[in-house]
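Laboratory data are not the source of any read-out in this text; all were calculated from the coordinates shown. These numbers were taken from a predicted model, which means no experiment stands behind them. Positions of Cβ are backbone-derived with ideal geometry, glycine not excepted, and every protein chain shown enters the neighbour counts.
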Amino acid sequence: MEKFKENPFWKMFIFGLLAIAIIGTTTYHLLIDYSVKTNRKHVVGKITNFEFINMARYSIDYEYIVDNKKYDGTVGVEYFDCYKNKDCMGYEVDVYYSSENPKFSQVDLRKYEKYKTTVYLIK
């Protein structure tokens with residue numbers, strides 16, 4: 001273990017892997033957001049689930065239909081009353097998807113939009 005800590009190769013290797021992961025993830029999300037922006041179509045979807053992730057994070061699952069095919073998405077949110085009583089289930093939301101690849105989507109939660117924590121790099 002001491003040799004691992006002292007060897008600069010391993011430090012650079014791990015740093016390189018982290019850099020590649022961060023750049024790759026960011027690029028992937030940029031491509032999705034760009035595809036939605038440039039090939040934007042609108043459909044009304046519905047909230048299907050409100051899920052606890054950890055003390056500060058929750059997620060909302062939503063589904064939408066394009067050409068008779070069902071797609072789903074997830075968006076991060078902060079806590080709000082839906083978690084307790086589930087009254088947001090079935091609530092209609094605006095979904096913007098890419099006409100080239102309908103599984104790429106962005107969602108506007110309408111009255112719940114202020115609780116959204118997911119950030120789109122390109123709107």
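Is the shape of the stretch 9-69 best called rounded, prolate or oblate, per the rule: a/c under 1.5 gives rounded, else a/b larger than b/c gives prolate, else oblate, with a ≥ b ≥ c the square roots of the Cα gyration tensor eigenvalues?
oblate
Please report the spacing between the Cα centers of the stretch 85-109 and the stretch 35-54 in Å, no decimals.
Taking the Cα centre of each part, the stretch 85-109 and the stretch 35-54 sit 3 Å apart.
Kindly express, to the nearest 10 degrees and within the range 0 to 90, the angle between helix 8-38's C-alpha long axis and the longest C-alpha principal axis of the chain.
With both axes taken from Cα atoms, the answer is about 20 degrees.
Within the P(r) computed for the stretch 64-122, what percentage of the Cα pairs occupies the region above 15 Å?
Every Cα pair in the stretch 64-122 considered, those over 15 Å come to 54 percent.
Assign unit charges at the C-beta atoms only (+1 for Lys and Arg, -1 for Asp and Glu), then state the dipole size of the chain relative to its Cα centre in Debye, rounded to the nearest 20.
Charge dipole, the chain, about its Cα centre: 160 debye, nearest 20.
For the ranges 50-59, 108-117, 32-41, 9-18, what's the packing order if you count other beta-carbon atoms within 10 Å of each residue, average per peptide, and put the highest first?
Ranking, from highest mean packing down: 32-41, 108-117, 50-59, 9-18.
What is the P(r) of the stretch 49-88, as percent of Cα-Cα pairs per 10 Å bin from 0?
Distribution as computed: 28, 46, 21, 5 percent.
How much net charge surrounds S98 when only the other residues with a Cβ under 10 Å from the Cβ of S98 are counted, with Lys and Arg +1 and Asp and Glu -1?
+2
Using Cα pairs closer than 8 Å and at least 6 residues apart in sequence, work out the relative contact order for the chain, in percent.
28 percent
Could you compute Rg(Cα) / (2.2 N^0.38 Å) for the chain, with N its residue count?
Compactness ratio reported: 1.37.
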